[in-house]
1. Answer yes or no: is there a residue in the range 2-14 that is near the ligand (Cβ under 9 Å from one of its atoms), without any contact (Cβ under 8 Å) to a residue 60 or more places away in the chain and within 16 Å of ASN90 (Cβ to Cβ).
2. Tally the residues that are more than 10 Å from the ligand (Cβ to nearest atom) and of a type in the set (Gly, Ala, Ser), restricting the search to the range 139-157.
3. Can you tell me which residue within the range 15-29, out of those that are among the small types (Gly, Ala, Ser) and more than 10 Å from the ligand (Cβ to nearest atom), is surrounded by the most Cβ atoms within 10 Å (Cβ to Cβ)?
4. In the list VAL136, VAL119, VAL123, which residue meets the criterion of being under 27 Å from ALA73 (Cβ atoms), among the hydrophobic types (A, V, I, L, M, F, W, C) and near the ligand (Cβ under 10 Å from one of its atoms)?
5. Out of the residues in the range 30-61 that are assigned to a loop (DSSP other than H, G, I, E, B) and near the ligand (Cβ under 9 Å from one of its atoms), which is surrounded by the most Cβ atoms within 10 Å (Cβ to Cβ)?
6. Taking the stated definitions as given, is LEU110 within 20 Å of the chain's Cα centre (by Cα), within 24 Å of ASP69 (Cβ to Cβ) and surrounded by fewer than 18 Cβ atoms within 10 Å (Cβ to Cβ)?
7. Can you give me the number of residues within the range 211-254 that are charged (D, E, K, R), within 17 Å of SER186 (Cα to Cα) and in a helix (DSSP H, G or I)?
8. Can you find a residue in the range 194-210 that is over 15 Å from the mean Cα position of the chain (by Cα), part of a strand (DSSP E or B) and among the hydrophobic types (A, V, I, L, M, F, W, C)?
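The values are calculated or read from the model by the stated rules, or taken from the named source; none is laboratory data. If you're wondering where the values come from, they're calculated on a predicted model, not measured in any experiment. Cβ sites come from the backbone with ideal geometry, for glycine too, and all protein chains shown count toward neighbours.
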Amino acid sequence: MGRLEGKVAVITGIGGGMGRDAARRFAAEGAKVVGCDINAETLEETVRIVRAEGGEITGFGGIDLTDADVTEAWIEDAAAVYDGIEVLYNNAGIQRFAPIDELAVADWELNIKGELSLVFYAVRAAWKHLGKNGGVIVNIGSIAGTRGVEFMPQNVHGTAKAGVINLTQHLAVEGGPLGIRAVCISPGFIVTPATQFLVDSPPAAMKATWDRIPMRRVGQTSDIVNAAVFLASDEASWITGVNLVVDGGGSVIG
Ligand SMILES: NC(=O)c1ccc[n+]([C@@H]2O[C@H](COP(=O)([O-])OP(=O)(O)OC[C@H]3O[C@@H](n4cnc5c(N)ncnc54)[C@H](O)[C@@H]3O)[C@@H](O)[C@H]2O)c1
């Protein structure tokens, strides 16, 4: 029996990176996965892979989660597929990186919408479903959400993720009496399609940061998804409001 047997897990941004891996692993653990992505093509590929592996999944392509109305309608459609939602996994995100005096106002606003507001939109729409049978919200933060980062200007990304980490705490407080848990996972550097260009030619300051990671490697998508499986499962039924840092120890170096 899988660790997520029978749970309906709604996962955003399953077209690639950690989202694709989450869809595969949650399905392998017995969850009924409902996923979305703005990219219909990559979403279809994930659906094909999960089904080929024997998993249960329904996918919705072309969903832009930065639009509150689109998100609300999608969450209703997602809840209708297997009659409910037990896990809402807010993985999708859009980032913009530039030094503060070069960051366009439009990019600041897109990043806040694409990493923070989209979590609010999805949670707001899913709340009544999550409260029905007891549910869990798994948010994805970042180590940049609790500190400055030297190797790349992450001003707005970090600010948005700080919001996600703190929103998680408020959701835990509001959700507890309703049987809703809320947790956040803050990854360190993870190799995904979004970061592959940095792996291919890392800036010197970034390479130096990686070399100091106590576990002596950068992260893989499975490092994050393993944590998500545990936190979404009933094994974590008394864990709420936490921000679990998964970074090979990189953020505890003095
Ligand atoms: N990769 C890292 O090192 C790292 C580190 C810390 C946090 N994170 C966070 O982890 C999450 C996943 O990152 P990743 O590296 O796998 O990214 P990724 O870009 O590889 O995947 C993100 C997925 O979300 C989808 N998406 C983007 N905007 C969307 C929208 N508006 N509506 C619907 N779908 C949308 C993309 O199409 C893509 O399939 C993000 O929230 C990111 O901020 C990543």
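1. Within the range 2-14, the first condition is being near the ligand (Cβ under 9 Å from one of its atoms), and the residues that meet it are 12-14.
Pick out the ones that are also without any contact (Cβ under 8 Å) to a residue 60 or more places away in the chain and you get none.
Checked the range 2-14: no residue is near the ligand (Cβ under 9 Å from one of its atoms), without any contact (Cβ under 8 Å) to a residue 60 or more places away in the chain and within 16 Å of ASN90 (Cβ to Cβ).
2. Going residue by residue through the range 139-157, those that are more than 10 Å from the ligand (Cβ to nearest atom) are 146-153, 155-156.
Restricting the remaining residues to those that are of a type in the set (Gly, Ala, Ser) gives 148.
Summing the residues that are more than 10 Å from the ligand (Cβ to nearest atom) and of a type in the set (Gly, Ala, Ser) in the range 139-157 gives 1.
3. Start the filter on the range 15-29 by keeping residues that are among the small types (Gly, Ala, Ser), which leaves 15-17, 19, 22-23, 27-28.
Still in the list and also more than 10 Å from the ligand (Cβ to nearest atom): 23, 27-28.
Working: ALA23: 31, ALA27: 24, ALA28: 17.
So the residue we want is ALA23.
4. Numbers: VAL136 fails: near the ligand (Cβ under 10 Å from one of its atoms); VAL123 fails: near the ligand (Cβ under 10 Å from one of its atoms).
Going through VAL136, VAL119, VAL123 in turn, just one is under 27 Å from ALA73 (Cβ atoms), among the hydrophobic types (A, V, I, L, M, F, W, C) and near the ligand (Cβ under 10 Å from one of its atoms): VAL119.
5. Taking the range 30-61 and keeping what is assigned to a loop (DSSP other than H, G, I, E, B), we get 30-31, 38-39, 53-55.
Retained after the next criterion (residues that are near the ligand (Cβ under 9 Å from one of its atoms)): 38-39.
Details: ILE38: 19, ASN39: 17.
The residue in question is ILE38.
6. Working: within 20 Å of the chain's Cα centre (by Cα): yes; within 24 Å of ASP69 (Cβ to Cβ): yes; surrounded by fewer than 18 Cβ atoms within 10 Å (Cβ to Cβ): yes.
When the stated conditions are applied, LEU110 passes them.
7. 1
8. Taking every residue of the range 194-210 in turn, none turns out to be over 15 Å from the mean Cα position of the chain (by Cα), part of a strand (DSSP E or B) and among the hydrophobic types (A, V, I, L, M, F, W, C).
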